[in-house]
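Written below as structure tokens is the structure these notes are about.
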Amino acid sequence: MRPVTLTVGPLTASSANNIALSQTPTGGTFVLNGSLASGGIATLGSPQRITITTTDTTHTFKITGTSPTWAVISETTPVGNGTSLTSALSYATVTSVVASGTPTAATTIGTSGIGDAWVRLDEWANPGVSIQVDVTGTVNYTIQSSLDDPNSPTNPVLPASMTWVNSPDATAVAATAAIQTSLGGFNAYAAMSPTFVRIVLNSGSGSVSATVIQSSVTPR
């Protein structure tokens, strides 16, 4: 696989209501009227996850928007937990948020300050994935991988429902500086060849760029 570079950040600062101001919309369809919204669409700059803040414990919330690659994406959150919900996916834009009914409490929608970017690897390639992360500014980030596949012919998993596991290299978890690491070179993980790799910017005002290189498809 040729080198692929994933870049996340800098992110718009977290805010509880920069996508939708406090409201209890009848029927559940929110008006996107926060400071990032214009013409009914919220543009987040560098893609990130969104947070729904509400004491409602009755309804789910369907979020629709576009991905970091501008594909249309959507997800439905679990029922509210009485405090806040954060999306599983990162959005470049948010085009609608619809509750499963009229919320029982005032609700705001905003940015979380967390973002991520993914790359799909080649499951037929040799094990071993090299990763270098370059850092600009102040950041905290984690490298994760998953064997789940939304396009699997036998067991597809929705993108928002995928299970992600932190890198077995502890220096790639909650990291703050540039590193070189790998997946497929740590003891019991030596034969590992994940389906997806992602970098998650957990916090910070800076940005991270992860260059991912996978071994060749056939032995040389």
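Every number in this text was worked out from the coordinates using simple rules, so none of it is lab data. Note that the structure is predicted; figures quoted are calculated from it, not measured. All Cβ positions, glycine included, derive from the backbone under ideal geometry; neighbour counts span all protein chains shown.
At-a-glance table
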{"item": "Global geometry of the stretch 1-120, whether rounded, prolate or oblate, following the gyration tensor of its Cα atoms and the 1.5 cut on a/c", "result": "prolate"}
{"item": "Ranked list, fewest to most other Cβ atoms within 10 Å of each Cβ, for S205, S112, S67", "result": "S205, S67, S112"}
{"item": "Stretch gain in nm, segment T95-V165, where the contour uses 0.36 nm per residue and the Cα spacing is subtracted", "result": "22.2 nm"}
{"item": "Mean Cβ neighbour count within 10 Å, used as a protection proxy, ranking 72-78, 90-96 highest first", "result": "90-96, 72-78"}
{"item": "For the stretch 38-104: rounded, prolate or oblate by the Cα gyration tensor [a/c cutoff 1.5]", "result": "prolate"}
{"item": "Neighbour-count order for W118, W164, W70, fewest beta carbons within 10 angstrom listed first", "result": "W70, W164, W118"}
{"item": "Ascending count of other beta-carbon atoms within 10 Å, so fewest first, for D122, D169", "result": "D122, D169"}
{"item": "Ratio Rg/Rh [Cα only; Rh per Kirkwood] for the chain", "result": "1.02"}
